[in-house]
There are 4 protein chains.
Amino acid sequence: MKRRIALISTGGTIEKTYDELSGVLANHVSVLDVMLASLELRGVEVQRVQLMNKDSLDMTPEDHTLIAQTAGEMARTMAGVIVVHGTDRLAVSGHRVVELVGTPASPIVFTGAMRPYELRSTDALQNLTEALLAVQLVAPGVYVAMHNQVLQFPGVTKDKLLGTFVKVPA
Amino acid sequence: MKRRIALISTGGTIEKTYDELSGVLANHVSVLDVMLASLELRGVEVQRVQLMNKDSLDMTPEDHTLIAQTAGEMARTMAGVIVVHGTDRLAVSGHRVVELVGTPASPIVFTGAMRPYELRSTDALQNLTEALLAVQLVAPGVYVAMHNQVLQFPGVTKDKLLGTFVKVPA
Amino acid sequence: MKRRIALISTGGTIEKTYDELSGVLANHVSVLDVMLASLELRGVEVQRVQLMNKDSLDMTPEDHTLIAQTAGEMARTMAGVIVVHGTDRLAVSGHRVVELVGTPASPIVFTGAMRPYELRSTDALQNLTEALLAVQLVAPGVYVAMHNQVLQFPGVTKDKLLGTFVKVPA
Amino acid sequence: MKRRIALISTGGTIEKTYDELSGVLANHVSVLDVMLASLELRGVEVQRVQLMNKDSLDMTPEDHTLIAQTAGEMARTMAGVIVVHGTDRLAVSGHRVVELVGTPASPIVFTGAMRPYELRSTDALQNLTEALLAVQLVAPGVYVAMHNQVLQFPGVTKDKLLGTFVKVPA
């Protein structure tokens, strides 16, 4: 039995890319759909929610609140929620979930990418793969899954120098 | 702080492949090393153990025992163990660990691939990514991580028709 | 002004492959279409002719004759013809064109692949790229374009050991 | 018998890219070497000449002259010359060859890329493949091979809107 999870997309580097080939062949398929189609998903059944399509640097406080509310709401009916988010403000949305929802009814896992899918050296597929597994394994809470790590909010921040997320000592 | 894990390679489809390009450029680099180099590993520090290089259909009972003993032994000193294994007899080795070791000191996660890395449609990178994350998230025990699922031994078998692993009802 | 050329497909390794990803996303698109879409074609306008879909080892004398006649016929109205063909019997069809047509009205360029497109190390894209350029540059005649070479019939044979085509000394 | 050709690299988009994977595995291998290694070259034997490594927008008149002189010089001893060049000023170097050398002793074929090799949708491999074939098929002269076209200097210019090279009506 597959767990039903929601995958909320908000934009960011992971989606910003444009694959010319798939563009020609399958015009209305997004990069996220291309990535999902390339994975073998036996554990989860994904319901896509295209909430917005923004570079996270352009997100307003209202955007972060909308993302947090939507994720919290969907966590009540689904076995888990993944939020695909630009990395620059990912932590703002993550903390907003904690503020507004506390501990959600099921795991909410944020993910994103430092290098778009369009690049051969992209980390997008690794991160999406990890989020799709982590959402099945962790306890209810708010997390970021990226770069072979799962970190729990609060206390998570982007380390620009390292180009990844780190846990801030309390 | 990265967790130190052992990655025991035994052969199988995931390694059988030969990437001509990397062959030319980096002669003595195995496919597993190419895959590891393509991932961003912030959670684990991998220690490679090249135990054997066999199609799992050719494994003898002694091979399965050697794999089980080595994995159990390494689980005592490392934060986790990954075993890369041909899928046909992967479950035999998995059950042997349970027989010989019971609950290991740290998680032992088997993985493999149905389609070699050499194929564009390979599942090798997905499965390795999942094993490298699962080994950090699950409780001590013996598992297979593949195709967006983590299944715990005993009671795991390969479903040839589905081309994946399934849990057998007890 | 682009030259109008015919691209006759007959099957073989170059088409045998199945790209799972594009299969999911764009069900009725063939591998040849995927390859054509990935190239930037400013010199030629391609008219696709799906003549048959056979491993060339299964071709009958009638098949070779049909291929030769079709290629010769299309060379009269088009600026060039490309024939995608299994490599094992490619030279049989090539020589049949010379027998039946002599020097065609425009260049007829055969091509194929030793390793399917589905493999990362495929030669399919290189060979198709070369055929699509050679057809614009060579004089009317019958050729095979593969592996950075253009060889003219008659006197061309597959060297199984080298895995490519060679010119037989007269 | 393979023809000996020179491949003069000068920089530009085709080389600007950085493939993280090959970077890790084969530190001192350039992108051009990665591309050459991925092709099956039965027609030519390539001698690499790393002349400079510049974005062509930064080239001085002396740079264009040096490129033209080197290409013309090498055309005297080799069966052909390929010049890998940034597209923005490629035509300047091409015309400089015509000015300084007139008709070279063997074909000089310029090529480049609009989208770096690092992108999945790169045109670099197509263009390099075409240059490596064209250099064997065209008469002595100065050309650009890109995007399924071979255009002869003088009278070639980059069409920025189309993102390719075109022939200017005389």
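On the accessible surface of the protein assembly as shown, probed at 1.4 Å, how many percent belong to carbon and sulfur atoms? Can you show the working numbers first?
Details: 14290 of 27350 Å².
Here carbon and sulfur together make up 52 percent of the probe-accessible area.
Taking the Cα centre of chain A as origin, sum charge times position over the Cβ atoms of Lys and Arg (+1) and Asp and Glu (-1), and report the length of that vector in debye to the nearest 20. Its charge dipole is roughly 440 debye. Under 16 Å from the Cα of D:K54, which aspartates and glutamates turn up, not counting those fewer than eight places away in the same chain? Those aspartates and glutamates meeting the cut-off are D:E15, D:E62, D:D63, D:D88. Plainly put, the tip 7 Å out from Cα toward Cβ on D:L161 is 4.9, 5.7, 6.1 nm from that tip on each other copy, the closest given first.
Skip the ligands, DNA and RNA, and give the accessible area per residue of the protein assembly as shown with a 1.4 Å probe, whole Å².
On the way: 27350 Å² over 680 residues.
I get 40 Å² per residue for the protein assembly as shown.
Taking a ≥ b ≥ c as the square roots of the Cα gyration tensor eigenvalues, with a/c under 1.5 meaning rounded and otherwise prolate when a/b beats b/c, else oblate, which class fits the protein assembly as shown?
Working: a/c = 2.06, a/b = 1.61, b/c = 1.28.
Judged from the Cα gyration tensor, the protein assembly as shown comes out prolate (a/c at least 1.5, a/b above b/c).
Placing R0 at 51 angstrom, the Cβ-Cβ distance between C:T60 and B:E73 gives a FRET efficiency of 0.25 after rounding to 0.05.
Take A:R4, push a point 7 Å out from Cα through the beta-carbon direction, and compare it with the same point in every other copy: 4.7, 5.4, 7.1 nm, smallest first. The alpha-carbon of B:K2 sits under 30 angstrom from the alpha-carbons of these lysines, leaving out residues fewer than 8 places away in its chain: A:K158, A:K160, A:K167, B:K16.
Rounded to the nearest 5, what % of the DSSP beta bridges within the protein assembly as shown are antiparallel ones?
Values: 34 of 110 bridges.
Bridges in the protein assembly as shown that DSSP calls antiparallel: roughly 30 percent.
Computed from backbone phi, the HN-Hα couplings of the stretch C:42-58 come to 9, x, 10, 10, 9, 10, 7, 10, 8, 7, 7, 9, 10, 4, 5, 5, 8 Hz, rounded to whole numbers (Karplus: 6.51 cos²θ - 1.76 cosθ + 1.60, θ = phi - 60°; Gly and Pro given as x). Bridge orientation summary for chain C: considering DSSP beta bridges with both residues in this region, about 30 percent are antiparallel.
The other copies place their D:L51 label points at 4.3, 5.5, 5.6 nm from this one, listed shortest first, where each point is 7 Å from Cα along Cα→Cβ.
The values are calculated or read from the model by the stated rules, or taken from the named source; none is laboratory data. Given the structure is predicted, the values throughout are model-derived calculations rather than measurements. Note that we place each Cβ from the backbone using ideal geometry, even for glycine, and neighbour counts take in every protein chain shown. The protein model used for the area step is the full one, side chains on, heavy atoms only, and it has no ligands, DNA or RNA in it. Shrake-Rupley method; radii C 1.70, N 1.55, O 1.52, S 1.80 Å.
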